[in-house]
Amino acid sequence: MTKILITGGAGFIGSSLAEKLVANPQNHVVAVDDLSTGRVENLPGQRSNFRFIKTNVNDYGDISAIMLGFQFDYVFHYAACVGVQRTLRNPVQVLCDIDGIKNVLGLAKNTGVRRVFYSSSSEVYGEPVEFPQNEDTTPLNSKLPYAVVKNVGESFLRSYKREYGLDFTIFRFFNTYGPKQSADFVMTKFIESALHGKDLTIYGDGSQSRTFCYIGDNVDATVNALVQDRWVNEVVNIGNEVEVSVLELAQQVVAATDSRSRIVHVPPLPEGDMRRRKPDITKMREVLGRELTPLTDGIRKTIEPRTPAWQES
């Protein structure tokens, strides 16, 4: 039996990862989350090889009792204050995530954890100076609190490898979307607005571009990195390489939902809204071993469970 800990396990990506891992009966998965943004409804149903414990990873007493008690083989450290705008509103709260990183790594190296998988972010790249953004050559230049903390986490992992031999894999997540995602992010915000006939709001002219990775591609790639023992002590971009402007995304969502919602423009955000994102996903493609989900298919899969009953035919 392989014992796996997922911190932030009730969040969008963490809970989707848990669903994938518990499907293998040889895995015993423990998910921890303080439920500040995660939801119990996201978690896998009753399974003999799954357990959820409400825990604040930033509290050493909370997380140490769990890690010392279970003696995990692998840890996916996904707990974090997420989202650029949320962390700009809560700049001190995001700094507390450094405590969680220190707690998890200190306990991991003392309890025999084989490898720690860390959810970093595309935000560490800051305003890019090359495209696509490569794990090894793009300067890490962002000064946003969220990005700085993620970069600090990456540095902790490298230091723990040098000092204690603790293996790691860093996932730099680019925009990921799917059915469980909360409406705090652009894709699901647009979908919720379109389904309910509300205006879709765009900051600026909407020419800023992003790539959008469907949750199934994210989870399959990260689980394969574990199962195939790939990308040990390396950084891997997890995303999609097809760019779409925010305006084009809004138009696609309106069309996919057959909505009468309007697309309206408001002044640009004062900070945190990078002009362009496009990852180099060469490493991800190698470990995924299949084609990525097209945006049109991912939007459809995300819409289906959100469609209000009165709109279903």
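Checked across the stretch 260-279, the condition of being in contact with a helix residue (DSSP H, G or I) (Cβ under 9 Å, 6 or more places away or on another chain), within 23 Å of Tyr125 (Cα to Cα), surrounded by fewer than 13 Cβ atoms within 10 Å (Cβ to Cβ) and in contact (Cβ under 8 Å) with a residue 60 or more places away in the chain holds for at least one residue.
Given (1) under 26 Å from Leu166 (Cβ atoms); (2) free of Cβ contacts under 8 Å to residues at least 60 places away in the same chain, where does Arg47 come up short, assuming only one miss? For Arg47, the exception is condition (1). Among the numbered criteria (1) assigned to a helix (DSSP H, G or I); (2) free of Cβ contacts under 8 Å to residues at least 60 places away in the same chain, which one does Val244 miss? Among (1) assigned to a helix (DSSP H, G or I); (2) free of Cβ contacts under 8 Å to residues at least 60 places away in the same chain, the lone unmet condition for Val244 is (1). Taking the criterion of being in contact (Cβ under 8 Å) with a residue 12 or more places away in the chain and assigned to a helix (DSSP H, G or I), the residues of the stretch 218-241 that qualify are Asn218, Val219, Asp220, Ala221, Thr222, Val223, Asn224, Ala225, Leu226. Go through the residues of the stretch 285-294 one by one and say whether even a single one is crowded, with 18+ Cβ neighbours inside 10 Å, more than 28 Å from Asp205 (Cβ to Cβ) and either acidic (Asp, Glu) or over 17 Å from the mean Cα position of the chain (by Cα) (or both). Checked against the condition, which is being crowded, with 18+ Cβ neighbours inside 10 Å, more than 28 Å from Asp205 (Cβ to Cβ) and either acidic (Asp, Glu) or over 17 Å from the mean Cα position of the chain (by Cα) (or both), the stretch 285-294 yields at least one hit.
Out of Arg172, Arg230, Arg162, Arg158, which single residue is closer than 17 Å to Met274 by Cβ, assigned by TED's automatic domain parsing to the domain that holds Ser36 and not β-branched (Val, Ile, Thr)? Let's see the steps before the verdict.
Numbers: Arg230 fails: closer than 17 Å to Met274 by Cβ; Arg162 fails: closer than 17 Å to Met274 by Cβ; Arg158 fails: closer than 17 Å to Met274 by Cβ.
Residue meeting the stated conditions: Arg172.
If you go through the stretch 159-188 and keep only what is more than 23 Å from Phe212 (Cα to Cα), among the charged types (D, E, K, R) and in contact (Cβ under 8 Å) with a residue 24 or more places away in the chain, you end up with Lys161, Asp167. If the condition is being polar (S, T, N, Q), outside any helix (DSSP H, G or I) and under 28 Å from Ala108 (Cβ atoms), then the stretch 140-151 contributes only Ser142. If the condition is being among the basic types (Lys, Arg) and touching a strand residue (DSSP E or B) at 6+ places or on another chain (Cβ under 8 Å), then the stretch 233-269 contributes only Arg262. Of all positions in the stretch 128-139, none carries a residue that is in a helix (DSSP H, G or I), touching a residue at least 12 places away in the same chain (Cβ under 8 Å) and closer than 22 Å to Ala221 by Cα. Anything in the stretch 59-117 that is among the acidic types (Asp, Glu), over 17 Å from Phe171 (Cβ atoms), assigned to a helix (DSSP H, G or I) and under 22 Å from the mean Cα position of the chain (by Cα)? List them, or say none. Once the filter is applied, which keeps residues that are among the acidic types (Asp, Glu), over 17 Å from Phe171 (Cβ atoms), assigned to a helix (DSSP H, G or I) and under 22 Å from the mean Cα position of the chain (by Cα), the stretch 59-117 yields only Asp99.
Only one residue in Arg47, Arg39, Arg114 is touching an Asp or Glu at 6+ places or on another chain (Cβ under 6 Å) and surrounded by fewer than 18 Cβ atoms within 10 Å (Cβ to Cβ), so which one is that?
Being touching an Asp or Glu at 6+ places or on another chain (Cβ under 6 Å) and surrounded by fewer than 18 Cβ atoms within 10 Å (Cβ to Cβ) holds for just one of Arg47, Arg39, Arg114, which is Arg114.
Would you mind stating whether Ser182 is within 23 Å of Lys20 (Cα to Cα) and assigned by TED's automatic domain parsing to the domain that holds Arg262?
Yes: the conditions hold for Ser182.
Suppose the filter is assigned by TED's automatic domain parsing to the domain that holds Asp59 and under 22 Å from Leu269 (Cα atoms); does Ser142 pass it? Yes. When Ser36, Ser48 are checked against the criterion of being within 22 Å of Phe173 (Cβ to Cβ) and either outside the structural domain of Val149 (by TED's automatic domain parsing) or assigned to a loop (DSSP other than H, G, I, E, B) (or both), a single residue qualifies: Ser36. Just one residue in the set Phe50, Phe76 is among the aromatic types (Phe, Trp, Tyr) and over 25 Å from Val232 (Cβ atoms); that residue is Phe50.
Here Ala80 does not qualify as modelled with pLDDT of 95 or more and of a type outside the set (Val, Ile, Thr).
The values are calculated or read from the model by the stated rules, or taken from the named source; none is laboratory data. Being a predicted model, the structure only gives us computed values, none of them experimental. A quick note on method: Cβ atoms are made from the backbone with ideal geometry, for glycine too, and the neighbour counts reach across all protein chains shown.
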